[in-house]
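Engineer: Here it is, the structure in full.
The values are calculated or read from the model by the stated rules, or taken from the named source; none is laboratory data. From a predicted model like this one, the values you see are computed outputs, not experimental measurements. Don't worry about glycine lacking a Cβ; one is built from the backbone with ideal geometry, like all the others, and counts go over all protein chains shown.
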Amino acid sequence: MGTMTKKLFGTTGVRKVYGTEFDVEMAMRLGKSLGTYLKRGTVLIARDARITGLMIADALSAGLLSTGVNVVRTGIIPTPTLALMTRELGYDAGLMVTASHNPPEYTGVKFWGADSMGLTQDIESELERIYHSKEYLVADWDQLGKESMIPNLVSQHISRLLNQCRADLIRSKRYKVIVDPGNGAACVLTPYLMQELGCKVVSINSQLDGHFPGRKSEPEEESLTDLIQLIQKTGADLGIAHDGDSDRVVFVTKTGEVVRGDRTIALIAKSYLREESNKTIVTTVDSSKVLDETVQRAGGKTIRTPVGDIQVAVKIKEEKAIMGGEACGVFIFPEFHLAPEPFLAICKILESMAETGKAFGELIAEIPVYPLEKTKVPCPNDQKEEAMEQLSEYLPKSMGDVVEVLTVDGLGIVLEDGWLLVRPSGTEPIIRITCEAANKARTHEILVLAKSVVEETMKKL
């Protein structure tokens with residue numbers, strides 16, 4: 001089973017290049033597989049702005065209908081809206097046609113359960129087994145599933161968000177915010193949520209376009225130059241940027257600093273830890289030590305999981321944690337639902353600003369920055385397993401003062417004055433290397449050493 005699983009499902013759902021690795025037939029078979037697994041019931045299908053989205057959604061729907069499972073279709077909405085409404089409206093599963101933050105030629109499907117959580121690996125493996133066996137349920141002509149439409153669910157999501165935060169307090173401040181949805185699914189939600197919260201909104205890249213003409217879909221410093229300049233020019237209070245299917249959010253201060261997600265998690269965690277009795281925060285292996293230190297100082301503890309929002313959600317559920325997230329800009333609030341929820345994160349940030357009277361930059365300045373560097377080394381998918389086996393032997397020996405070796409996900413090496421993480425990407429043919437230390441020089445030194453060991457190892461394979 002091990003090697004087969006890698007072929008179809010990656011870190012979150014199925015995500016592949018359209019035309020060469022993913023086609024309409026695959027989508028139909030995925031629909032048939034899910035229908036065969038569910039046997040009955042109703043599935044909600046939505047999509048992001050990708051060019052291939054409508055066609056892939058049609059094929060998924062056809063596959064499901066052929067097994068006798070009903071389908072409810074809605075238009076272009078953010079992934080979190082789909083996940084939340086799957087639970088709120090009582091559907092048996094939700095399918096989001098998206099390739100998240102990948103470039104426009106990618107397409108894919110994310111699967112959500114009736115409880116608003118992504119499907120666990122056991123269920124993914126079972127879907128994979130059905131997919132490869134081709135033993136699909138085939139309903140008779142008079143027992144086929146029925147397809148219906150439901151209008152845009154965004155307004156329902158927004159009204160629930162307003163109940164989850166101190167909306168009136170935020171409205172009283174009339175904040176000026178700049179929203180950059182990156183031509184992705186958040187175009188239909190974030191600017192309207194900000195208006196509902198009484199903010200003055202300027203938005204850029206806010207027309208839906210699956211070519212992503214405005215910028216790269218992944219919201220990071222290099223791709224957010226327009227947003228940064230606009231904030232600096234206009235003196236806005238907050239900058240907000242999303243990825244393609246809008247399950248991530250990245251915040252920018254009024255001076256134009258793009259804040260890493262793990263620091264934002266630490267900031268939001270602080271206010272939760274003041275109020276909640278359970279003091280557990282969940283994050284992934286690649287988050288900064290700053291998060292652990294902040295949570296510890298506030299009387300809480302952190303638990304680390306493999307990379308991927310579903311891993312965080314599973315652990316939050318197990319530990320009954322108060323919140324969790326990933327450094328890339330994923331925030332999960334179990335009090336609301338178990339999928340990434342960037343919009344509630346935005347509300348929480350505005351709420352903290354309103355309660356304290358401080359600018360976002362002042363609030364985030366209380367969370368230190370440890371220099372973090374990342375790089376990647378090309379590695380064909382079929383060599384990842386062997387490469388990682390070799391590295392788990394060589395890398396700790398090459399690094400010197402090793403305190404601990406973690407194998408939760410890839411290879412995590414905790415050093416006396418920093419840490420590094422080496423893991424194969426779940427979505428691309430590369431091995432990612434992430435390092436952090438107390439100062440830039442040391443971080444770079446760790447990175448250079450680790451990269452050379454990985455490159456040497458690749459040559460030997």
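Engineer: Could you pull out the residue among PRO334, PRO380 that is farther than 16 Å from VAL250 by Cα, modelled with pLDDT under 95 and not aromatic (Phe, Trp, Tyr)?
Structural biologist: Step by step, each of PRO334, PRO380 is checked, and only PRO380 is farther than 16 Å from VAL250 by Cα, modelled with pLDDT under 95 and not aromatic (Phe, Trp, Tyr).
Engineer: In the range 21-73, which residues are surrounded by 20 or more Cβ atoms within 10 Å (Cβ to Cβ) and on the phi > 0 side of the Ramachandran plot?
Structural biologist: GLY68
Engineer: In addition: Mind checking which strands (runs of 3 or more DSSP E) fall wholly inside the range 272-330 and carry at least 2 residues that are surrounded by 19 or more Cβ atoms within 10 Å (Cβ to Cβ) and either modelled with pLDDT of 95 or more or not assigned by TED's automatic domain parsing to the domain that holds PHE343 (or both)?
Structural biologist: Here the list reads 280-284, 323-326.
Engineer: With respect to GLU218, is the statement that it is under 25 Å from ARG50 (Cα atoms) and out of contact with any Gly (no Cβ under 6 Å at 6 or more places or on another chain) true?
Structural biologist: yes
Engineer: Still on this structure, I have one more. Within the group GLU404, GLU428, GLU386, which residue is surrounded by fewer than 20 Cβ atoms within 10 Å (Cβ to Cβ), part of a helix (DSSP H, G or I) and not assigned by TED's automatic domain parsing to the domain that holds VAL312?
Structural biologist: It is GLU386.
Engineer: So which pairs qualify, if the first residue must be in the range 105-122 and under 26 Å from ILE51 (Cα atoms), the second must be of a type in the set (Lys, Arg) and in a loop (DSSP other than H, G, I, E, B), the Cβ gap must be under 7 Å, and the two must be at least 6 apart or on different chains?
Structural biologist: THR107/ARG50
Engineer: When you go through (1) hydrophobic (A, V, I, L, M, F, W, C); (2) surrounded by fewer than 19 Cβ atoms within 10 Å (Cβ to Cβ); (3) under 25 Å from TYR192 (Cα atoms) one by one for VAL369, which number turns out not to apply?
Structural biologist: (3)
Engineer: Further question on the same structure: Which of the residues belonging to the range 370-410 are among the aliphatic types (A, V, I, L, M) and out of contact with any Pro (no Cβ under 8 Å at 6 or more places or on another chain)?
Structural biologist: Matches in the range 370-410: LEU372, VAL377, LEU391, LEU395, MET399, VAL403, LEU406.
Engineer: Mind checking which residues of the range 249-259 are closer than 19 Å to GLU351 by Cα and in a loop (DSSP other than H, G, I, E, B)?
Structural biologist: THR253, LYS254
Engineer: Something else about it: Please determine, by comparing only the residues of the range 254-263 that are out of contact with any strand residue (DSSP E or B) (no Cβ under 6 Å at 6 or more places or on another chain) and crowded, with 18+ Cβ neighbours inside 10 Å, which one is farthest from VAL177 (Cα to Cα).
Structural biologist: The qualifying residue farthest from VAL177 (Cα to Cα) is ASP262.
A quick yes/no check of all residues on (1) within 20 Å of the chain's Cα centre (by Cα); (2) under 26 Å from GLU355 (Cα atoms):
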{"residue": "GLU275", "(1), (2)": "no, yes"}
{"residue": "VAL285", "(1), (2)": "yes, no"}
{"residue": "LEU291", "(1), (2)": "yes, yes"}
{"residue": "THR302", "(1), (2)": "yes, yes"}
{"residue": "GLY308", "(1), (2)": "yes, no"}
{"residue": "MET323", "(1), (2)": "yes, yes"}
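Engineer: Report yes if SER100 is modelled with pLDDT of 95 or more and either out of contact with any Phe, Trp or Tyr (no Cβ under 9 Å at 6 or more places or on another chain) or not assigned by TED's automatic domain parsing to the domain that holds CYS199 (or both), otherwise no.
Structural biologist: no
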